[in-house]
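The structure under discussion appears below in the form of structure tokens.
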Amino acid sequence: MRKRPVLQLVVAVVIGSAILIPLALIVPWFPAKASTQASHIHTLYDVLLIATVPIFVLVVSIVLYSVWSFRMRPGEEKKDGPPIHGNTRLEVVWTALPAVLIIGLCTYAYTVLRSNEANKAGALTVNVTERQFAFEFSYPDVGNKVSPVLYLPKGRPVVFKLRSLDVVHSFFVPEFSEKLDAVPGITTTLRVTPTRLGNYPAECTELCGAGHSLMRASVYVVQPAVFQHWLATLKAGAPPPIGQPGPNDAQPGVPGSSSGAGATTPSSSSSSGATTSSSTSAASGAASAGKAVFLGASGCSGCHTLAAAGATGTVGPNLDVRLRTDCASAASKKIRGATLSQCIHTAIVHPYAFIPSGFTKGVMPSTFSQTLSGAQIQSLVSYLGSVAK
């Protein structure tokens with residue numbers, strides 16, 4: 001009779017585990033696997049489920065059995081329970097077995113971590129530079145060509161070198177099941193081998209400011225031939241999509257760090273030539289500054305389409321199609337101003353003074369007057385006005 005409760009518990013654990021383990025394994029805990037590392041992580045998670053579900057069932061079964069078998073009966077309200085002395089052998093067993101299980105699982109998890117971080121021959125290096133609130137990707141193996149979107153060849157190991165120009169960010173592609181922080185002044189390294197063709201989001205998962213939720217980029221995993229063709233179409237020496245790094249941000253691997261953007265121009269013997277050069281430089285500088293704000297601090301590129309900036313966002317109006325048209329409407333001119341610059345400025349600092357058709361309040365942040373400086377707003381207005389179709 002003394003062994004009967006134990007037998008009942010064993011049967012309950014076996015039946016419960018047989019039911020819950022398959023259910024736990026078929027639940028889609030993760031996005032689709034798109035990297036070798038993701039396969040390793042998913043397998044580790046399955047092993048953890050198989051090891052822990054029986055423990056969960058055992059603990060719940062013992063609790064339920066104890067609640068039922070040792071419940072208080074009528075008339076026993078003032079009685080104490082029977083004096084029970086500890087069972088040393090049982091205590092040793094239930095201490096040793098979990099310890100062995102934990103050590104085994106930790107060892108397996110460590111081997112998965114080491115496997116995911118192992119160097120692979122022929123790896124592609126990609127520099128990931130992050131700034132509020134945008135990503136920038138460069139390929140040092142081909143002259144440090146830069147792009148606001150990330151293209152990767154299927155089946156080739158990739159080494160990401162992560163750097164931040166302002167605050168702590170992170171780089172996370174859910175389908176890769178790999179994530180690492182980008183810390184100012186430090187280069188961190190993440191390794192991934194893409195295995196599935198597709199378009200995936202890259203996200204910052206560290207709260208980095210007011211535009212954190214908009215800090216995203218597109219990741220394309222393509223065939224190696226397609227990747228090489230795309231790489232060849234990138235222009236060498238193109239300006240960094242998120243703007244030139246400041247003097248304190250310059251570091252190896254960050255596009256624009258070694259450029260001569262701050263160099264002075266020698267004096268010219270022709271005053272008209274100097275004036276033309278200065279005007280051209282000022283216009284170019286203003287355009288670069290506005291584009292940097294559009295792609296970076298404002299997070300505009302995450303929500304709007306603008307061909308000149310390589311932005312393909314679909315949350316807000318398509319600026320290539322709607323900007324001049326909406327600003328030219330009588331209703332808009334009455335509220336946002338008669339000129340294009342006035343319209344753009346009002347749309348940035350008071351986005352809900354006039355809401356374009358097809359959109360609703362609450363989509364666009366209304367805090368740009370606090371999160372952007374006056375110079376940044378003005379450069380953004382000038383840039384959008386110059387590239388609007």
**Q.** Rounded Å value of the spacing that divides the Cα centres of the stretch 31-70 and the stretch 307-351
**A.** 53 Å
Q. Which entries in the list Lys334/Lys361; Lys145/Lys389; Lys154/Lys179; Lys179/Lys235 go over 22 Å, if you measure between the two C-alpha atoms of each?
A. Lys145/Lys389; Lys179/Lys235
Q) If eta is 1.306 mPa s and T is 10 °C, what Stokes-Einstein diffusion coefficient results for the stretch 1-83, Kirkwood Rh from Cα pairs, in µm²/s? A) 100 µm²/s
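Leaving ligands and nucleic acids out of the surface, order Met364, Met215, Met72 by accessible area at 1.4 Å, largest first.
The most accessible residue leads, giving Met72, Met364, Met215.
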Q) Among [x] 1.41; [y] 1.10; [z] 0.99, which is the computed Cα Rg over 2.2 N^0.38 Å? A) [x]
(Q) Output the 0 to 90 degree angle, nearest 10, between the alpha-carbon long axis of helix 340-349 and the longest principal axis computed from the alpha carbons of the chain. (A) 30 degrees
Q. Can you give the angle from 0 to 90° between the axis of helix 4-26 and the longest principal axis of the chain, with both taken from C-alpha atoms, to the nearest 10?
A. 20 degrees
Q. What does the charge dipole of the chain about its Cα centre add up to, to the nearest 20 debye, if the Cβ of each Lys and Arg holds +1 and the Cβ of each Asp and Glu holds -1?
A. 680 debye
Q | Candidates Phe160, Phe133, Phe354: whichever shows maximal mean-square fluctuation once the chain is modelled as a Gaussian network with Cα springs under 10 Å | A | Phe354
Q. Which listed residue (Pro365, Ser69, Tyr352) has the Cα farthest towards the positive end of the charge dipole for the chain, taking +1 on Lys and Arg C-beta and -1 on Asp and Glu C-beta about the Cα centre?
A. Ser69
Q.
Output the 0 to 90 degree angle, nearest 10, between the alpha-carbon long axis of helix 319-328 and the longest principal axis computed from the alpha carbons of the chain.
A. 60 degrees
**Q.** Listed residues Tyr151, Leu23, Val173: farthest to the positive end of the dipole of the chain (Cβ charges)
**A.** Leu23
Q) Could you sort Arg73, Arg156, Arg114 by accessible area so the largest value comes first, with the probe set to 1.4 Å? A) Arg114, Arg73, Arg156
Q | Whole-number accessible area per residue in Å² for the stretch 88-159, which is evaluated in the context of all protein chains at 1.4 Å | A | 53 Å²
Q. If you rank Val10, Val381 by how much accessible surface each has, with a 1.4 Å probe, what is the order from largest down?
A. Val10, Val381
Q.
Given an 8 Å cut-off on Cα distances and at least 6 residues of separation, report the relative contact order of the stretch 1-154 as a percent.
A. 17 percent
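The values are calculated or read from the model by the stated rules, or taken from the named source; none is laboratory data. These figures come from a predicted structure and were not determined experimentally. We place every Cβ from the backbone using ideal geometry, glycine too, and count neighbours over all the protein chains shown. Ligands, DNA and RNA are excluded from the accessible area calculation, which covers all protein heavy atoms including side chains. Shrake-Rupley method; radii C 1.70, N 1.55, O 1.52, S 1.80 Å.
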